[in-house]
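Colleague: Could you have a look at this structure, given as structure tokens, before my questions?
The values are calculated or read from the model by the stated rules, or taken from the named source; none is laboratory data. This structure is a prediction, so every number in the text was calculated from the model and none was measured. Note that each Cβ is placed from the backbone with ideal geometry, even for glycine, and that neighbours are counted across all protein chains shown. These area figures cover heavy atoms from the full protein model, side chains too; ligands, DNA and RNA do not enter into them. Shrake-Rupley method; radii C 1.70, N 1.55, O 1.52, S 1.80 Å.
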Amino acid sequence: MELLEHMESLAGALTERLSQVSSLPELEGCRVDFLGRKGRLAELMARLPELPPADRPAFGQAANRVKQRLTALIEERRASLEREREAALLARFDPSLPGRRPWAGSLHPITLAMEEVCSVFRGMGYEVVSGPEVDTDFHCFEALNMPPEHPARDMQDTLYIRDKVVLRTHTSTMQIRTMLQRRPPLAVIAPGKVYRRDSDVTHSPMFHQIEGLLVDTKVTLADLRGTLTAFLKAVFGEKTRVRFRPSFFPFTEPSVEVDMSCTRCGGEGHVHGETCRICKGSGWLEILGSGMVDPAVFEAVGYDPERVTGFAFGLGVERVAMLKYGISDIRLNFENDVRFLSQFTV
Ligand code: DAH
């Protein structure tokens, strides 16, 4: 029975073919050739009518056996191909590599500097207060002893919302707002945004200041000096030295500008024989404006200048951040470049 032998030989032929199959698509081709609707087994089955009726049942049973055998051979090969593929994948995958960490955010350098300054003053008993960025001419200028013809009120420097309403040019507005709301003794600091018509490497039209105000009886310039020295040492290090230079602000009398020893050269004026580029060789950096609250300011808020005294100071936060973190261009702070921002992790 030639047809039957032919069919029994299919398993051997398939085994032979399978030894040359090296991929899953090839295996599928092979399966179609042998078991498909027009495959070799189906072809032989189609010749069933050629057989004498008596031989047909045996031929049918044999066909089923062969079919099972062929299917088993193909599945066996499929499993081994899949194992090989997995092994190849694992060979390229190093399970000992450290995992990728999710990106962690970090605080903005201005926020960090602001929080550090505030926490030093909180430690000295100051309360942190805040107020509006859009404020009146009265809070921003008039009550601070800056009469209408004062140059700081020039349209060139101040951003006006409308007549008598401005974007505050300094946080000194908070001196007036605080004193109108409270009675002495008081000690507050007010961090926040301020605005000026100014823009270059060291000036941004929006920047941050921290205002400080302490009012009590018998407050002296020595208290101011002690407070600011303690503050600057806390933020810039114990070795920091502080000096007062006479200056002028309309809202303080006397007024001083406060310098601290240079953060880069430590006051030497030079580094490795070269002139220090941060302090330009002077050894000093200007860091604060301050003074004793002018009696005219106390009068504007209804305090008796004969009974109370106080000091005030104003500090630029960008300057603190730039000195502390060695940032060279103020604009870097406002570009939102992650490569810059991600460097400031706590
Ligand atoms: N308001 C001043 C400015 O923006 C800074 C300042 C100076 C604030 C002296 C003060 C002060 O409280 O006493 O330039």
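Colleague: Can you pull out the residues in segment 215-231 that are open to solvent by 40 Å² or more (accessible area, probe 1.4 Å), closer than 14 Å to residue 313 by Cα and either within 13 Å of the ligand (Cβ to nearest atom) or in a strand (DSSP E or B) (or both)?
Modeller: Answer for segment 215-231, where residues must be open to solvent by 40 Å² or more (accessible area, probe 1.4 Å), closer than 14 Å to residue 313 by Cα and either within 13 Å of the ligand (Cβ to nearest atom) or in a strand (DSSP E or B) (or both): just 221.
Colleague: From the list 275, 263, 309, pick out the single residue that is under 21 Å from residue 144 (Cβ atoms) and either touching a Phe, Trp or Tyr at 6+ places or on another chain (Cβ under 8 Å) or open to solvent by 30 Å² or more (accessible area, probe 1.4 Å) (or both).
Modeller: 309
Colleague: Considering segment 197-214 alone, what residues qualify as being assigned to a loop (DSSP other than H, G, I, E, B) and not hydrophobic (A, V, I, L, M, F, W, C)? Full working, then the answer.
Modeller: Of segment 197-214, the ones assigned to a loop (DSSP other than H, G, I, E, B) are 197-205.
Answer for segment 197-214, where residues must be assigned to a loop (DSSP other than H, G, I, E, B) and not hydrophobic (A, V, I, L, M, F, W, C): 197, 198, 199, 200, 202, 203, 204, 205.
Colleague: Another question about this same structure. So residue 318 passes all but one of these: (1) within 24 Å of residue 138 (Cα to Cα); (2) within 16 Å of the ligand (Cβ to nearest atom). Which condition number does it fail?
Modeller: Looking at each condition in turn, residue 318 falls short on (1).
Colleague: Going by what's in this entry, would residue 306 be described as at pLDDT 95 or above, among the acidic types (Asp, Glu) and over 19 Å from residue 278 (Cβ atoms)?
Modeller: Here the answer is yes, as residue 306 does meet what is asked.
Colleague: Let me ask another. Any residue that is within 17 Å of residue 294 (Cα to Cα) and touching an Asp or Glu at 6+ places or on another chain (Cβ under 8 Å) - is there at least one of those in segment 136-155?
Modeller: Yes, segment 136-155 has at least one match.
Colleague: Is it the case that residue 253 is within 11 Å of the ligand (Cβ to nearest atom) and open to solvent by 90 Å² or more (accessible area, probe 1.4 Å)? Reasoning before the result, please.
Modeller: Working: within 11 Å of the ligand (Cβ to nearest atom): yes; open to solvent by 90 Å² or more (accessible area, probe 1.4 Å): yes.
Here the answer is yes, as residue 253 does meet what is asked.
Colleague: Which one of these is in contact (Cβ under 8 Å) with a residue 40 or more places away in the chain, in a helix (DSSP H, G or I) and not charged (D, E, K, R): 143, 187?
Modeller: Numbers: 187 fails: in a helix (DSSP H, G or I).
Exactly one of 143, 187 is in contact (Cβ under 8 Å) with a residue 40 or more places away in the chain, in a helix (DSSP H, G or I) and not charged (D, E, K, R), namely 143.
Colleague: While we're here: Could you please find all residues in segment 132-165 being away from the ligand (no atom under 16 Å from the Cβ) and aliphatic (A, V, I, L, M)?
Modeller: 134, 155, 161, 165
Colleague: Something else now. Inside segment 304-326, can you point out the residues that are in contact with a Ser or Thr (Cβ under 7 Å, 6 or more places away or on another chain), part of a strand (DSSP E or B) and among the hydrophobic types (A, V, I, L, M, F, W, C)?
Modeller: Residues satisfying the conditions are 311, 312, 313.
To keep it simple, each residue is scored yes or no on (1) of a type in the set (A, V, I, L, M); (2) within 13 Å of the ligand (Cβ to nearest atom).
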{"position": "285", "(1), (2)": "yes, no"}
{"position": "290", "(1), (2)": "no, yes"}
{"position": "293", "(1), (2)": "yes, yes"}
{"position": "304", "(1), (2)": "no, no"}
{"position": "322", "(1), (2)": "yes, no"}
{"position": "328", "(1), (2)": "no, no"}
{"position": "344", "(1), (2)": "no, no"}
